[in-house]
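The values are calculated or read from the model by the stated rules, or taken from the named source; none is laboratory data. These figures come from a predicted structure and were not determined experimentally. Cβ: placed from backbone, ideal geometry, glycine included. Neighbour counts: every protein chain shown. SASA here: full protein model, heavy atoms, side chains in, ligands and nucleic acids out. Shrake-Rupley method; radii C 1.70, N 1.55, O 1.52, S 1.80 Å.
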Amino acid sequence: MTAAFATDRVLIAGEWRAPASGETLPLVNPSDGSELARIAAGGARDVDAAVGAAEEALSGAWGRMTATERGRVLSAMGRLVAEKADELARLEALDVGKPLKQAKADALALARYLEFYGGAADKVHGETIPYLDGYTVLTLREPHGVTGHIVPWNYPMQIIGRSVGAALAMGNATVLKPAEEACLTALAFAYIAQEAGLPAGALNVVPGTGEAAGAALSAHRGVHHLSFTGSVATGALVQAAAAKNAVPVTLELGGKSPQVVFADADLDVALPFLVNAGIQNAGQTCSASSRILVERAVFDEVVARMAERYRALKVGPALADLDVGPMVSARQKEIVERYIGIARADGLAIAGEGGIVADAPAGGCYVRPTLVANVSGDHRLAQEEIFGPVQVVIPFEGEEEAVRIANGTDFGLVAGVWTRDGGRQLRMARALKSGQVFINNYGAGGGVELPFGGVKRSGHGREKGFEALYGFSVLKTVAILHG
Ligand code: NAD
């Protein structure tokens with residue numbers, strides 16, 4: 001056991017219990033294939049108890065807290081997370097396989113989300129509306145009630161921060177379903193929340209498979225809002241299940257995010273962003289930049305310089321803290337290798353590859369980061385989300401073609417544009433169909449303040465920033481006729 005707490009429990013009404021099934025599931029360390037811990041195989045009965053506990057919390061100590069008090073608890077949670085950032089980073093590195101420094105950045109991002117939403121909790125409010133003579137009309141911003149949060153394995157801490165953090169700030173009581181591939185930091189987060197004084201039932205955690213725990217949470221009639229982050233296929237299932245109960249859903253799904261490099265770009269600045277945005281977290285990032293569109297005049301130069309960086313990339317165990325860790329699972333490794341196989345079979349040019357260190361354990365899920373050059377915008381590798389350290393480079397000529405290729409996928413999560421031409425920066429920002437557009441940068445350091453979410457199949461609804469607080473609350477209109 002690597003965690004300093006019991007990992008095989010569900011958290012319901014402030015109590016860590018064995019799941020109703022009495023069964024556990026293995027968590028595998030993707031750096032070497034060993035069993036890391038066992039987690040609870042939660043299911044419908046646990047979800048039902050968790051939703052009940054959340055409902056009770058709303059009429060108990062949690063529901064009675066003022067917005068300022070809620071903010072203080074969240075801020076205290078944030079401080080504790082920051083204090084324990086090294087411990088959390090180690091757990092995340094072992095569980096997800098991400099290099100330690102990336103895991104540490106995630107822990108600090110979780111702390112920052114809690115700090116931000118702690119500070120924001122008492123700053124979101126309704127309005128008064130000028131109306132007919134004799135009336136006073138006001139709006140109250142209220143929590144939905146019980147909110148469900150289904151999160152994936154790739155960035156557990158960040159996604160919990162932006163969804164559970166914002167939901168708690170608005171006074172909702174939450175049920176969290178972490179991913180079965182990686183959930184140690186979700187459990188650690190819940191222990192920290194208890195230590196920081198979050199009242200029982202405000203946060204309930206039910207680990208388990210998607211089919212058992214996730215499906216039960218999506219279909220539960222006692223849930224008033226669902227936040228789902230994961231694949232398009234599962235998101236559609238969650239939305240369909242929620243629709244039966246007319247429950248609103250926020251979907252944060254996949255992407256095939258482009259960075260568009262014009263010939264006038266400052267390539268020295270762009271180069272590290274172009275590559276890092278594709279290989280961070282072994283490419284298992286919803287906003288990974290997996291398509292690099294390059295104007296023909298600088299195409300060969302950009303490919304050569306990216307390839308040079310690829311050749312220097314070192315892949316190895318998460319705790320070795322190299323450039324790239326293993327894929328999260330053998331299944332994910334297989335998916336990525338299949339795409340690399342397609343590139344080779346179709347005769348695409350492999351411009352550069354990273355190397356797996358010699359002492360990487362044989363049981364680890366390692367793949368070599370792969371840069372594929374001269375890909376057509378409609379090739380499978382340029383259309384489908386691979387979710388691995390594979391980038392394709394696509395040539396274009398002029399702004400119009402760049403926009404057509406950039407917008408020519410099912411997705412629309414994030415886009416980057418590299419150009420020194422001010423007019424073009426604004427035209428591109430407007431023309432790109434994407435939830436976020438970054439000009440002469442990519443990701444802006446992850447900013448918790450910046451609303452995030454997709455268009456098209458990348459999802460709908462916004463998390464992060466103040467926008468999330470609006471999403472995790474509802475407006476009530478009160479009209480008083482007083483004469
Ligand atoms: P996934 O959809 O398989 O799993 C995500 C979560 O859904 C897990 O907790 C899983 O247990 C649960 N789940 C699975 N089946 C379910 C069901 N039938 N009902 C309810 N819940 C169910 O996704 P994944 O493969 O773990 O994650 C990778 C995907 O997530 C990628 O497509 C990636 O782009 C996307 N993602 C998006 C964002 C974003 O913010 N847009 C962030 C991270 C990951």
Within the stretch 209-216, identify whether any single residue is touching a Pro at 6+ places or on another chain (Cβ under 8 Å) and near the ligand (Cβ under 8 Å from one of its atoms), and answer yes or no. yes
Is there any pair linking a residue in the stretch 89-105 that is at positive phi to one that is among the polar types (S, T, N, Q) and open to solvent by 20 Å² or more (accessible area, probe 1.4 Å), with Cβ under 9 Å and at least six apart or on different chains, and which? G97/S329
Please work out which one of (1) of a type in the set (G, A, S); (2) over 21 Å from R72 (Cα atoms); (3) more than 15 Å from the ligand (Cβ to nearest atom) is the condition A120 fails and give its number. (2)
Would you mind listing the helices (runs of 4 or more DSSP H) fully within the stretch 1-95 where at least 2 residues are open to solvent by less than 30 Å² (accessible area, probe 1.4 Å) and under 18 Å from G148 (Cβ atoms)? 44-58
Assess whether V269 counts as being farther than 21 Å from I356 by Cα, touching a helix residue (DSSP H, G or I) at 6+ places or on another chain (Cβ under 8 Å), in a helix (DSSP H, G or I) and of a type in the set (A, V, I, L, M, F, W, C). no
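Does R427 count as at pLDDT 95 or above and within 16 Å of the ligand (Cβ to nearest atom)?
Here the answer is no, as R427 does not meet what is asked.
Each row is one residue, and each column tells you yes or no for (1) surrounded by 18 or more Cβ atoms within 10 Å (Cβ to Cβ); (2) of a type in the set (S, T, Y).
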position	(1), (2)
T285	yes, yes
A297	no, no
Y310	yes, yes
R331	no, no
Y339	yes, yes
I342	no, no
G364	yes, no
Which numbered condition in (1) open to solvent by 20 Å² or more (accessible area, probe 1.4 Å); (2) in contact (Cβ under 8 Å) with a residue 60 or more places away in the chain is the only one that N281 fails? (1)
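Take L251 and decide whether it is over 18 Å from I292 (Cβ atoms) and part of a strand (DSSP E or B). Spell out the reasoning first.
Working: over 18 Å from I292 (Cβ atoms): yes; part of a strand (DSSP E or B): yes.
The answer is yes for L251.
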Output yes when any residue across the stretch 469-478 is hydrophobic (A, V, I, L, M, F, W, C), in contact (Cβ under 8 Å) with a residue 12 or more places away in the chain and within 16 Å of the ligand (Cβ to nearest atom), and no when none is. yes
What helices (runs of 4 or more DSSP H) completely inside the stretch 364-483 contain at least 1 residues that are of a type outside the set (K, R) and on the phi > 0 side of the Ramachandran plot? 398-406, 465-471
When only residues in the stretch 352-396 that are among the β-branched types (V, I, T) and out of contact with any Leu (no Cβ under 9 Å at 6 or more places or on another chain) count, which is farthest from the ligand (Cβ to nearest atom)? I356
With (1) surrounded by fewer than 21 Cβ atoms within 10 Å (Cβ to Cβ); (2) in contact (Cβ under 8 Å) with a residue 24 or more places away in the chain; (3) over 25 Å from S218 (Cα atoms) as the list, and H125 as the residue in question, which single condition is left unmet? (2)
Could you look through the stretch 209-242, keep only residues that are small (G, A, S) and outside any helix (DSSP H, G or I), and pick out the one that is nearest to W16 (Cα to Cα)? G222
Whichever residue in the stretch 227-273 is more than 14 Å from the ligand (Cβ to nearest atom) and under 20 Å from the mean Cα position of the chain (by Cα) and, among such residues, is surrounded by the fewest Cβ atoms within 10 Å (Cβ to Cβ): P248
